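Derivation of every value follows stated rules applied to the coordinates shown; laboratory data play no part. It should be emphasised that the depicted structure is a prediction, and the values quoted were computed from it without experimental measurement. So basically every Cβ, Gly included, is an ideal-geometry build from the backbone, and we count neighbours across all protein chains shown.
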Amino acid sequence: MSTELLVNVAPFETRIVRIENGLAEEIYIERERERGLRGNIYKGRVQRVLPGIQAAFVDIGLDKAGFLYAGDIVEPDVNGNGYLPAPQDEDPDAGKDEAQNETPAAYSHNRRNVPAINNLLKEGQEIIVQVSKDPIASKGPRLTSLASLAGRYLVYLPNYDHVGIARRIESAEERDRLLEIGEAIKPENGGGIIIRTVAEGHNLFELQDDLKFLMRLWKDIEQRMQHGHAGGLIHKEMNLYLRAMRDFVDDEIEKIHIDSRDAYDRMKKFAKRFMPEVAKKLYYYPGERPIFDVYGIEEEINRALKRRVPLKSGGHIVIDQTEALIAIDVNSGSFVSSRNLEETGFKTNLEAVHEIVHQLRLRNLGGIIVLDFIDMQEEENRKRLIEVLEEALTRDKAKSHIVQFSGLGLVEMTRKRTRESLGRTLMQECPKCGGIGHVKSQTTLCHQLFREVVAESRAYPCKKLMVIAHPSIIDLLLGEESEDIARLETFTGKEISLKSDAELAPEHYEIVLL
């Protein structure tokens, strides 16, 4: 299977798409002013301790306090090393590497035998915490005091004496080899490591070099901890395109196309230092036509923001994202089989399964998902449909669980939430309909406008450009987005002037070459 990464970098936003067999399967977006928090380390202050739910809210200097569960708090043992209470009646290695970040955060969440939260924390207490999960919807970030630093091959755990290995490495022989290496290189003065999936096939010296780099980074962080103030940022995670190098690049990736010379140079330098085998996969895209247009990604993103998704047979699926769950309805539409209704429903459902899994990955939909397939009476068809769904989900890195058909003929499943969905990232509630529908947010419109400015400045010779837009958009460009306008002028080498026109709709604008 042909797999590529497309990296679109601009001063205001970075977007990365994973392409499998010519089809966009996963989209990652990071806006410069809305950088994700996951991996950041803060010096926090405990705001409230809630014994009833074994948790505390911690102020880390953001609008919303972070949520810290009792099982995510590291206590020192008699030797000064960090420890976490072992689970009862469970495999002690279970859950210590999540599919996405391969850190022990999920492991601690399900432990039953944890100390009372009010014996661990007091209101007003200062504590070092790391964001393990970005804020989603109305929830604040999820925190842990078990700090971890991810490298290319390892995750370093400064306060946790343990050697673990990613469960995606299936070969028993390879697991034994890597665990032996892990025990050999584990820091003597405390701390532990988790061996990541990409370490498969690599030797002791490569893993050791990775660990040395992470330990040097941790020493630097410790120095900043001593001088940091409560609610202050101690360590900031790398930007999206460097994290992509570290986390997303696997043996399946054949090429990585980058449309920014600066980003390409930084990724090349990063690859040569930490992952030389990937450096040869990097390609700079210098074309005047935007790289996402060349691959049809912009159209794919716009389709992914719509409720209705057509199927080739003439049927369609409808996707509704609510606060409680994701509802997906399958309809046969104009498709009619030549034999009977059972066959029509079965064929449409089989086609819909692959499109549903594609949309789950593309839109990054997580939580509880209810699938309303076309009714089928034959039990054999139902079993086959579940088998095809399970097989289609094997390519999805996010962990999922399927429940069999319910009494109402619905398929219930869950998919792990790893970040905000594409729709909630790019859309906002429509101010005219009171939240019944959605329109593109003003920030999304500004960034869309910026991309067109870049494209126009590259495609046509000019000294200046004028942007004519609705007053609400112009106000945003002169206010919150003014720094991005200045960066855009430097980026394009062209002067950009702004003009408001109240007769234009907010989603419509004009770019005039001067």
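Which of the three applies to segment 211-264, rounded, prolate or oblate, going by the alpha-carbon gyration tensor with a ≥ b ≥ c and a/c under 1.5 meaning rounded? Verdict is prolate for segment 211-264. In segment 306-422, taking the dipole from charged Cβ atoms about the Cα centre, the farthest positive-side position among ASN364, HIS354, LEU389 is held by ASN364.
Quick one: plug the Kirkwood hydrodynamic radius of segment 306-422 (C-alpha pairs) into Stokes-Einstein at 37 °C, 0.692 mPa s, and report D in µm²/s.
228 µm²/s
Applying 1/(1 + (r/R0)^6) with r as the Cβ-Cβ distance of GLU483 and GLU452 and R0 = 22 angstrom yields a FRET efficiency of 0.70.
Taking the Cα atoms of segment 441-513, the ratio Rg/Rh between the radius of gyration and the Kirkwood radius comes to 0.93. The DSSP beta bridges internal to the chain are antiparallel in roughly 75% of cases.
Under the combined filter of DSSP loop state and at most 15 neighbouring Cβ atoms within 10 Å, segment 159-198 retains these GluC sites (Glu not before Pro): GLU170, GLU188. Cross-link partners of LYS432 among aspartates and glutamates, defined as those whose alpha carbon lies under 18 angstrom from its own and excluding same-chain residues fewer than eight positions apart: GLU503, GLU507. Label-to-label distance, GLU495 versus ILE386, with points set 7 angstrom from Cα along the beta-carbon direction: 6.9 nm.
Of the trypsin sites (Lys or Arg not before Pro) in segment 256-320, the ones in a loop by DSSP (not H, G, I, E or B) with at most 14 other beta carbons within 10 Å are LYS280, LYS306, ARG307, LYS312.
Here's the picture: charge each Lys and Arg Cβ at +1 and each Asp and Glu Cβ at -1 in the chain, and of GLY151, GLY182, VAL403 the one pushed furthest to the positive end of that dipole is GLY151. Residues whose amide H lies under 5 Å from that of GLY192, counting only those 5 or more places away or on a different chain, are LEU157, ASN159, TYR160, HIS162; hydrogens are built 1.01 Å from N in the peptide plane.
Run through segment 452-484 and list the GluC sites (Glu not before Pro) located in a DSSP loop whose Cβ has at most 16 other Cβ atoms within 10 Å. Taking segment 452-484 and a limit of 16 other Cβ atoms within 10 Å, the loop GluC sites (Glu not before Pro) found are GLU480.
Once both labels are positioned 7 Å from their Cα atoms along Cα-to-Cβ, the gap between HIS354 and ASP63 label points is 4.2 nm.
The aspartates and glutamates whose alpha-carbon is closer than 15 Å to the alpha-carbon of LYS306, local same-chain residues fewer than 8 away aside, are GLU298, ASP320, ASP329, GLU355, GLU429. Extension gain, VAL512 to LYS272: 0.36 nm times the residue separation minus the Cα-Cα distance gives 82.2 nm. Annotation: lysines with alpha-carbon distance below 18 angstrom to LYS268 (same-chain offsets under eight excluded): LYS255, LYS280, LYS281. Put simply, when 462-472, 412-422 are sorted by average Cβ atoms within 10 angstrom per residue, most first, you get 412-422, 462-472. The Rg/Rh ratio for the chain is 0.98, where Rg is the radius of gyration of the alpha carbons and Rh is the Kirkwood radius.
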